[in-house]
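Beneath this line is the structure, given in structure tokens, with notes to follow.
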């Protein structure tokens, strides 16, 4: 009997040397004794570079994750897309199926919901989503599912469902007890930065959730901790979405 061929997984993104996913899966494969499994970074300058990589690796490639800035752009290369991922126009997990067919999924939704929901309290009925980029789409989907009212906060509001940062009054902060940071502000190495909201109006009834995981406690979260607000960083979301991706690849 011949040895089983190597199984390759990866992360598609730009400037991803910091990759959480690569170290997470390397550790996972080691723990499970999966010596023929490998997870690599596909650090590309354009989504147009991806088909050649897939073609070159298709004998071994099982699937890959997708991160900024390609969660939307990847869709044009897919043969099939899961209904949930289609509804938010964002894919972060791809499975190579029969004859190299590519199917896209979104496991960020699962990761956010299952790390966010256990911390909700009765007072947490309305949410502010800081930022309107791709990351906010999964958050919006989950808040809709949980019947939590929300508004976006943007530097350049373009609709009635958006506040400008300058508009955030004491009344608004009192009304919206959940604040979710979907911006990169505060990410290492710029750890002193944070979204420009009036933190002095926060109370212990508030819940601050930050999608950032490095550092583990951002300035945004520290400001919430000062008033004993509920706080949560993005690490559990990342771990949960990674496990969901792994399940998709395993069950192909």
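Here, each number is a calculation from the coordinates, and none is a lab measurement. As the structure is a computational prediction, the values presented were derived from the model and not from experiment. Cβ atoms come from the backbone with ideal geometry, glycine included; neighbour counts cover every protein chain shown.
Report the calculated FRET efficiency for residue 17 and residue 89 (r = Cβ-Cβ distance, R0 = 30 Å), to the nearest 0.05. Before the final figure, lay out the partial values.
Working: r = 27 Å, r/R0 = 0.91.
For residue 17 and residue 89, the calculated efficiency is 0.65.
For the pair residue 73 and residue 56, the difference between a 0.36 nm per residue extended length and the Cα-Cα distance amounts to 4.1 nm. Modelled spin-label separation between residue 243 and residue 80, with each label point placed 7 Å from Cα along the Cα-to-Cβ direction: 2.6 nm. The smallest convex shape that holds all Cα atoms of segment 77-146, its convex hull, gives 87 Å³ per residue. Exposure proxy for 124, 206: other Cβ atoms within 10 Å of each Cβ, ordered fewest to most, give 124, 206.
Length available on full extension from residue 44 to residue 203: 0.36 nm per residue minus the Cα-Cα distance, which gives 52.9 nm.
At an R0 of 51 angstrom, the distance between the Cβ atoms of residue 190 and residue 99 translates into a FRET efficiency of 0.70. As a ratio to 2.2 N^0.38 Å, the alpha-carbon radius of gyration computed for segment 1-67 takes the value 1.16. Highest GNM mean-square fluctuation among 74, 172, 129, for the chain modelled with Cα contacts below 10 Å: 172. Taking 27, 239, 160 in turn, the Gaussian network model of the chain (Cα-Cα springs below 10 Å) assigns the largest fluctuation to 160. A simple packing score, the average count of other Cβ atoms within 10 Å per residue, orders the peptides 33-39, 20-26 as 20-26, 33-39, with the highest score first. Of 58, 145, 126, the residue with the greatest mean-square motion in the GNM of the chain, using alpha carbon springs below 10 Å, is 145. Here r is the Cβ-Cβ distance between residue 122 and residue 169 and R0 is 30 Å; the resulting FRET efficiency, rounded to 0.05, is 0.80. Orientation-averaged projection of segment 100-239 equals 9.5 nm² [convex hull of Cα atoms, one quarter of hull surface area]. Inter-label distance, residue 161 to residue 114: 2.6 nm, where each label sits 7 Å from its Cα along the C-beta direction.
I'm a student and want to see the number: the projected area of the Cα convex hull of the chain, averaged over all directions, in nm².
With every direction weighted equally, the projected area is 14.8 nm².
Once the Cα gyration tensor of segment 106-181 is found, what semi-axes does its equivalent ellipsoid get, as square roots of 5 times the eigenvalues, in whole Å, sorted largest first?
20, 16, 9
Look at 213, 165 and count the other Cβ atoms within 10 Å of each Cβ; fewest to most, that gives 165, 213.
Taking the centroid of alpha carbons for each part, segment 161-225 and segment 27-47 are 33 Å apart.
Label positions at residue 5 and residue 145, each projected 7 Å from the Cα along the C-beta direction, are separated by 3.5 nm.
When Rg and Dmax are taken over the Cα atoms of segment 24-144, they come to 16.6, 53 Å.
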